[in-house]
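Notes follow once the structure below has been shown.
None of the figures in this text is laboratory data; all of them are computed from the coordinates on show. Everything numeric in this text was worked out from a predicted model, so none of it was measured. Note that we place each Cβ from the backbone using ideal geometry, even for glycine, and neighbour counts take in every protein chain shown.
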Ligand code: PGA
């Protein structure tokens with residue numbers, strides 16, 4: 001069993017989300033499938049996915065439980081509608097919304113406090129890779145985002161920034177090298193094997209090569225998760 005996590009990003013109305021789930025939710029798969037729609041579709045999909053073997057995740061949240069934080073969504077709100085997972089620290093949030101490692105760390109802890117499994121995203125930029133700083137960049141993100149995080153109830157997504165939405169995926173060998181490094185750091189940290197999934201231009205034609213790597217416990221898929229035919233091929 002591996003994880004196949006769909007990150008829909010800012011796509012699909014509630015109606016479109018329900019229509020998608022109706023077409024795919026009975027499909028047979030031996031993998032653990034998690035759908036992460038926009039906030040507006042979460043509640044409807046929570047009902048639609050009941051009784052199926054697919055799980056629900058959010059794409060972000062704030063770290064406080066409630067209060068004067070206009071426009072934000074709290075972990076308890078997510079938990080109360082049946083979310084199990086939450087993507088945190090995606091590079092698009094770091095780039096477009098100025099999220100930094102310290103903020104992401106607060107979110108990781110808040111998610112765990114509420115029984116949500118954080119999917120913590122880390123990954124190097126193209127210039128970091130070109131300058132030979134991939135491992136340093138990833139180690140730094142891990143150490144800051146996991147600072148004083150105690151529980152091992154977490155998934156890490158290795159998402160090289162240069163591979164996201166570019167069609168230019170890392171090779172399974174490149175990914176596997178970084179996964180082994182991340183897994184070692186996590187094992188030292190938590191004394192336990194933590195799943196590490198790969199994200200960045202995964203498609204039906206490349207998914208097998210990723211999932212056949214021992215160090216790759218699953219995939220986080222953006223654009224190839226949006227269309228039912230492609231998604232069914234993936235799962
Ligand atoms: P992509 O996105 O599959 O479209 O590259 C992956 C992600 O951002 O999680």
- [ ] List the relative contact order of segment 191-235 as a percent without decimals, with contacts defined as Cα pairs under 8 Å and 6+ residues apart.
- [x] 42
- [ ] Using just the helices of the chain, give the 222 nm mean residue ellipticity in deg cm²/dmol: DSSP H runs with n ≥ 4 each add -39,500 (n - 2.57), and the total is spread over all residues, rounded to 500.
- [x] -11500 deg cm²/dmol
Open item on the list: Over the chain, with a Gaussian network built from C-alpha contacts below 10 Å, which listed residue (59, 174, 112) shows the highest mean-square fluctuation?
Closed with: 174
Open item on the list: At a 10 Å Cβ-Cβ cut-off, how would you order 54, 10, fewest neighbours first?
Closed with: 10, 54
- [ ] Run the numbers on the chain and let me know its relative contact order in percent, using alpha-carbon pairs under 8 Å that are six or more apart.
- [x] 19
- [ ] Based on other C-beta atoms within 10 Å, arrange 164, 119 from fewest to most.
- [x] 164, 119
Task: GNM flexibility winner over the chain from 172, 68, 160 (Cα, springs under 10 Å) - done: 68
Open item on the list: Suppose the chain between residue 212 and residue 113 were pulled fully straight at 0.36 nm per residue; how much longer would it get relative to their current alpha carbon spacing?
Closed with: 32.3 nm
- [ ] Between the alpha-carbon centers of segment 55-97 and segment 99-128, tell me the distance in whole angstrom.
- [x] 11
- [ ] Take every DSSP beta bridge whose two residues both sit in the chain, then give the antiparallel share in percent to the nearest 5.
- [x] 0
- [ ] Round to the nearest 0.05 the FRET efficiency obtained for residue 65 and residue 1 when R0 = 41 Å and r is the Cβ-Cβ distance.
- [x] 0.80
Task: segment 112-235 pair-distance distribution - Cα-Cα, 5 Å bins, rounded % - done: 2, 11, 22, 23, 19, 13, 8, 2, 0
Open item on the list: At R0 = 35 Å, how high is the FRET efficiency between residue 81 and residue 144 if r is their beta carbon distance? Nearest 0.05 is fine.
Closed with: 0.70
Open item on the list: Pairs of alpha-carbon atoms within less than 8 angstrom and 6+ residues apart define the contacts here; what relative contact order does segment 31-136 have, in percent?
Closed with: 23
Task: Likely footprinting exposure, 85, 198, 69, fewest C-beta neighbours within 10 Å first - done: 69, 85, 198
- [ ] State whether segment 50-110 is rounded, prolate or oblate according to the following rule on the C-alpha gyration tensor (a ≥ b ≥ c being the square roots of its eigenvalues): a/c under 1.5 gives rounded; otherwise a/b larger than b/c gives prolate, and the remaining case gives oblate.
- [x] oblate
- [ ] Give the distance, in whole Å, between the Cα centre of segment 170-209 and the Cα centre of segment 1-43.
- [x] 22
Open item on the list: Would you work out the Kirkwood radius for the chain? I mean one over the mean of 1/r across all pairs of different Cα atoms, in Å.
Closed with: 17.7
